[in-house]
Amino acid sequence: MGWDVGQGDGLGLASAPGHAVVVDVGTDPAAIDGCLSRLHVEVVDAVVLTHFHADHVDGLRGVLHGRIVRQILNAPVPDPPCQVREVQGWATAAGIPLRERYAGDQLRWGAVQASVLWPVRVIREGSVPNNASVVLSVDVGGLR
């Protein structure tokens with residue numbers, strides 16, 4: 001299910017009743033919080049932040065609001081620094097570990113299986129954070 005979370009992206013993958021994996025969170029904490037609440041998501045098995053630009057991470061506080069969040073998976077490029085510090089601060093305050101993901105990683109949460117396709121390497125030209133974004137191939141109950 002994709003959501004209107006304002007500028008940026010937000011995607012939810014149902015992993016079990018009341019559980020989801022969230023990929024990116026947009027800029028508006030209230031928007032992503034409302035989406036998860038309407039879907040009765042109480043546990044977020046993982047938040048995958050494809051990269052640290054504000055339009056992909058600033059809504060994180062909305063995901064954290066009133067839910068159990070088990071982990072945050074992120075791209076290996078800590079840029080832009082101000083957003084990285086914010087994400088690290090929110091995660092630390094909530095006691096949630098952050099873990100970098102790379103091509104070849106295999107992930108599973110209930111009905112959700114994912115393979116990390118990218119990043120294989122860091123491309124140091126153009127938009128370095130965008131070029132190092134986490135890219136997943138996902139299977140949910142046989143749907144890819």
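The values are calculated or read from the model by the stated rules, or taken from the named source; none is laboratory data. Since the model is a prediction, treat every value here as computed from it, not as a measurement. With ideal geometry, Cβ positions are generated from the backbone for all residues, glycine too; neighbour counts draw on all protein chains shown. These area figures cover heavy atoms from the full protein model, side chains too; ligands, DNA and RNA do not enter into them. Shrake-Rupley method; radii C 1.70, N 1.55, O 1.52, S 1.80 Å.
Only one of the numbered conditions (1) assigned to a loop (DSSP other than H, G, I, E, B); (2) buried (at least 20 other Cβ atoms within 10 Å of the Cβ); (3) on the phi > 0 side of the Ramachandran plot is not met by residue 24, and that is (1).
Scanning for something more than 14 Å from the chain's Cα centre (by Cα), surrounded by 14 or more Cβ atoms within 10 Å (Cβ to Cβ) and within 27 Å of residue 28 (Cβ to Cβ), does the stretch 69-76 turn up at least one residue? Before you say what the answer is, go through the steps one by one.
Filtering the stretch 69-76 for residues more than 14 Å from the chain's Cα centre (by Cα) gives none.
Checking the stretch 69-76: not a single residue is more than 14 Å from the chain's Cα centre (by Cα), surrounded by 14 or more Cβ atoms within 10 Å (Cβ to Cβ) and within 27 Å of residue 28 (Cβ to Cβ).
For residue 26, the criteria (1) touching a Pro at 6+ places or on another chain (Cβ under 9 Å); (2) free of Cβ contacts under 8 Å to residues at least 60 places away in the same chain; (3) under 16 Å from residue 9 (Cα atoms) hold in every case but one, which is (1). Number of residues in the stretch 106-125 that are exposed (fewer than 12 other Cβ atoms within 10 Å of the Cβ) and in a loop (DSSP other than H, G, I, E, B): the value is 3.
Residues that are open to solvent by 40 Å² or more (accessible area, probe 1.4 Å) and of a type in the set (A, V, I, L, M, F, W, C) were ranked within the stretch 126-139; the one that is nearest to residue 45 (Cα to Cα) is 136. Checking each residue in the stretch 46-87 for being assigned to a loop (DSSP other than H, G, I, E, B) and of a type in the set (D, E, K, R) picks out 58, 67, 70, 79. Looking only at residues of the stretch 57-68 that are open to solvent by less than 40 Å² (accessible area, probe 1.4 Å) and of a type outside the set (Asp, Glu), we find that the one that is farthest from residue 129 (Cα to Cα) is 67.
For first residues located in the stretch 82-105 and of a type in the set (A, V, I, L, M), partners that are open to solvent by 70 Å² or more (accessible area, probe 1.4 Å) and lie 6+ apart or on another chain with Cβ distances below 9 Å form the pairs 84/78; 96/70; 98/88; 98/92; 103/117; 103/120; 103/121.
Among 39, 13, which is the only one that is buried (at least 21 other Cβ atoms within 10 Å of the Cβ) and within 20 Å of residue 141 (Cα to Cα)? First the steps, then the outcome.
Values: 39 fails: buried (at least 21 other Cβ atoms within 10 Å of the Cβ).
Going through 39, 13 in turn, the sole match is 13.
If you filter the stretch 108-128 down to residues that are β-branched (Val, Ile, Thr) and at pLDDT 95 or above, you find that the one that is farthest from residue 19 (Cα to Cα) is 116.
When 103, 46 are checked against the criterion of being open to solvent by 20 Å² or more (accessible area, probe 1.4 Å), under 18 Å from residue 138 (Cβ atoms) and touching a Phe, Trp or Tyr at 6+ places or on another chain (Cβ under 9 Å), 103 stands alone in meeting it.
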